[in-house]
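Asker: Attaching a single structure in structure tokens format; questions to follow.
What follows draws every value from the coordinates through simple rules; no lab data is involved. Just so you know, these numbers come straight off a predicted model, no measurement behind them. Glycine also receives a Cβ, built like all others from the backbone with ideal geometry; neighbour counts cover every protein chain displayed.
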Amino acid sequence: QVQLQQSGPGLVKPSQTLSLTCAISGDSVSSNSAAWNWIRQSPSRGLEWLGRTYCRSKCYHDYAVSLRGRITITPDTSKNQFSLLLNSVTPEDTAVYYCARDPLAYYWYFDLWGRGTLVTVSS
Amino acid sequence: QSALTQPASVSGSPGQSITISCTGTSSDVGSYNLVSWYQQHPGKAPKLMIYEVSERPSGVSNRFSGSKSGNTASLTISGLQAEDEADYYCSSYANSDTLVFGGGTKVTVL
């Protein structure tokens with residue numbers, strides 16, 4: 001059974017870096033077909049796709065236009081996980097953050113989700 | 001990219017059919033058959049209900065169906081049941097390797 005286990009702090013101070021990790025069991029971050037995504041949800045912004053990573057002969061990433069320059073998504077093949085770094089956070093980045101699998105990277109749908117991590121940006 | 005447009009709420013009685021619309025543009029819904037629908041119950045992660053406009057994942061009831069015409073995609077729930085009461089979100093691939101979601105629709109079973 002494929003599962004995604006999220007971890008990371010629930011409270012981040014403004015201007016600091018939000019860091020979350022998604023551990024994969026039952027699949028591989030190096031999968032030849034899947035892409036590994038981060039999505040967030042807040043009452044003000046609804047669901048928002050943040051970006052993804054996928055590995056073929058090498059690893060690639062795509063990011064939401066609005067976050068380019070602030071976001072990094074990195075696979076860790078040795079630990080079979082992937083991470084989200086979002087820097088210079090503001091209270092507007094407060095949201096529930098989900099990791100999710102796109103089983104066929106070119107079809108852009110998410111069949112497996114983590115349970116979500118509420119991240120609050122506050123001093 | 002702007003969010004896709006969904007009605008804020010749709011309601012129906014048990015056994016009825018309802019349809020949720022998802023309107024985008026020629027840069028997303030209108031150009032790609034990469035529309036998905038998700039169901040979300042309170043406090044839970046979204047669940048995939050439809051992908052590639054009209055494909056149903058294994059385990060999803062055939063009471064859920066999807067379609068698309070022009071820049072608008074639709075999700076139909078037939079034989080509405082109490083357990084269908086939830087929020088529903090559409091998503092679509094958009095240009096330049098990005099994805100956009102709809103604002104969500106709250107379905108109420110009367």
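Asker: Being within 12 Å of chain B (Cβ to nearest Cβ) and more than 14 Å from the chain's Cα centre (by Cα) is true for just one of A:P43, A:P91. Which residue is that? Steps first, please.
Answerer: Numbers: A:P91 fails: within 12 Å of chain B (Cβ to nearest Cβ).
Only one candidate qualifies: A:P43.
Asker: Follow-up question, since we're still on this one. Has region A:66-75 got at least one residue that is in contact with a Lys or Arg (Cβ under 6 Å, 6 or more places away or on another chain) and either more than 22 Å from B:V100 (Cβ to Cβ) or at the interface with chain B (Cβ under 9 Å from one of its Cβ atoms) (or both)?
Answerer: Kept after step one, since they are in contact with a Lys or Arg (Cβ under 6 Å, 6 or more places away or on another chain), are these residues of region A:66-75: none.
No, there is no match, as no residue in region A:66-75 is in contact with a Lys or Arg (Cβ under 6 Å, 6 or more places away or on another chain) and either more than 22 Å from B:V100 (Cβ to Cβ) or at the interface with chain B (Cβ under 9 Å from one of its Cβ atoms) (or both).
Asker: Could you identify the single residue in B:S96, B:S91 that is within 14 Å of chain A (Cβ to nearest Cβ), among the hydroxyl-bearing types (S, T, Y) and surrounded by fewer than 21 Cβ atoms within 10 Å (Cβ to Cβ)?
Answerer: Sole residue among the options that is within 14 Å of chain A (Cβ to nearest Cβ), among the hydroxyl-bearing types (S, T, Y) and surrounded by fewer than 21 Cβ atoms within 10 Å (Cβ to Cβ): B:S96.
Asker: Exactly one condition in (1) in contact (Cβ under 8 Å) with a residue 40 or more places away in the chain; (2) surrounded by fewer than 22 Cβ atoms within 10 Å (Cβ to Cβ) is false for A:C99; which is it?
Answerer: (2)
Asker: Quick one: is B:P14 surrounded by fewer than 18 Cβ atoms within 10 Å (Cβ to Cβ), within 13 Å of the chain's Cα centre (by Cα) and not in a strand (DSSP E or B)?
Answerer: Working: surrounded by fewer than 18 Cβ atoms within 10 Å (Cβ to Cβ): yes; within 13 Å of the chain's Cα centre (by Cα): no; not in a strand (DSSP E or B): yes.
For B:P14, the condition - surrounded by fewer than 18 Cβ atoms within 10 Å (Cβ to Cβ), within 13 Å of the chain's Cα centre (by Cα) and not in a strand (DSSP E or B) - is not met.
Asker: Here's something else I'd like to know. Sort out which residues of region B:29-58 are at positive phi and more than 10 Å from chain A (Cβ to nearest Cβ), and write them in order of number.
Answerer: The first filter runs over region B:29-58 and keeps only residues at positive phi, leaving B:43, B:52-53.
Residue satisfying the conditions is B:V53 alone.
Asker: Can you spot a residue in region A:105-119 that is without any contact (Cβ under 8 Å) to a residue 24 or more places away in the chain and either within 18 Å of A:A23 (Cβ to Cβ) or among the aliphatic types (A, V, I, L, M) (or both)?
Answerer: Applying the first criterion (without any contact (Cβ under 8 Å) to a residue 24 or more places away in the chain) to region A:105-119 yields A:106-109, A:111.
So of that shortlist, the ones also either within 18 Å of A:A23 (Cβ to Cβ) or among the aliphatic types (A, V, I, L, M) (or both) come out as A:111.
Scanning region A:105-119 turns up at least one residue that is without any contact (Cβ under 8 Å) to a residue 24 or more places away in the chain and either within 18 Å of A:A23 (Cβ to Cβ) or among the aliphatic types (A, V, I, L, M) (or both).
Asker: I would also like to ask the following. Which condition breaks for A:V29 when tested against (1) on the phi < 0 side of the Ramachandran plot; (2) out of contact with any Phe, Trp or Tyr (no Cβ under 8 Å at 6 or more places or on another chain); (3) not in a strand (DSSP E or B)?
Answerer: (2) is the only condition that A:V29 fails.
Asker: Among the numbered criteria (1) among the hydrophobic types (A, V, I, L, M, F, W, C); (2) within 24 Å of A:Y97 (Cβ to Cβ); (3) more than 8 Å from chain A (Cβ to nearest Cβ); (4) more than 13 Å from the chain's Cα centre (by Cα), which single criterion is violated by B:A82?
Answerer: It fails just one condition, (2).
A quick yes/no check of all residues on (1) more than 23 Å from B:K47 (Cα to Cα); (2) assigned to a strand (DSSP E or B); (3) of a type outside the set (V, I, T):
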{"position": "A:T74", "(1), (2), (3)": "yes, yes, no"}
{"position": "A:K79", "(1), (2), (3)": "yes, no, yes"}
{"position": "A:C99", "(1), (2), (3)": "no, yes, yes"}
{"position": "A:A105", "(1), (2), (3)": "no, no, yes"}
{"position": "A:W108", "(1), (2), (3)": "no, no, yes"}
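Asker: If you go through region B:31-65 one residue at a time, how many are buried (at least 16 other Cβ atoms within 10 Å of the Cβ) and in contact with a helix residue (DSSP H, G or I) (Cβ under 9 Å, 6 or more places away or on another chain)?
Answerer: Total satisfying the criteria: 2.
Asker: Of these, A:L50, A:L118, A:L84, which one is within 10 Å of chain B (Cβ to nearest Cβ), in a strand (DSSP E or B) and among the aliphatic types (A, V, I, L, M)?
Answerer: Being within 10 Å of chain B (Cβ to nearest Cβ), in a strand (DSSP E or B) and among the aliphatic types (A, V, I, L, M) holds for just one of A:L50, A:L118, A:L84, which is A:L50.
Asker: Restricting attention to region B:74-88, and to residues there that are buried (at least 19 other Cβ atoms within 10 Å of the Cβ) and touching a residue at least 60 places away in the same chain (Cβ under 8 Å), which single residue is farthest from B:V29 (Cα to Cα)?
Answerer: B:L80
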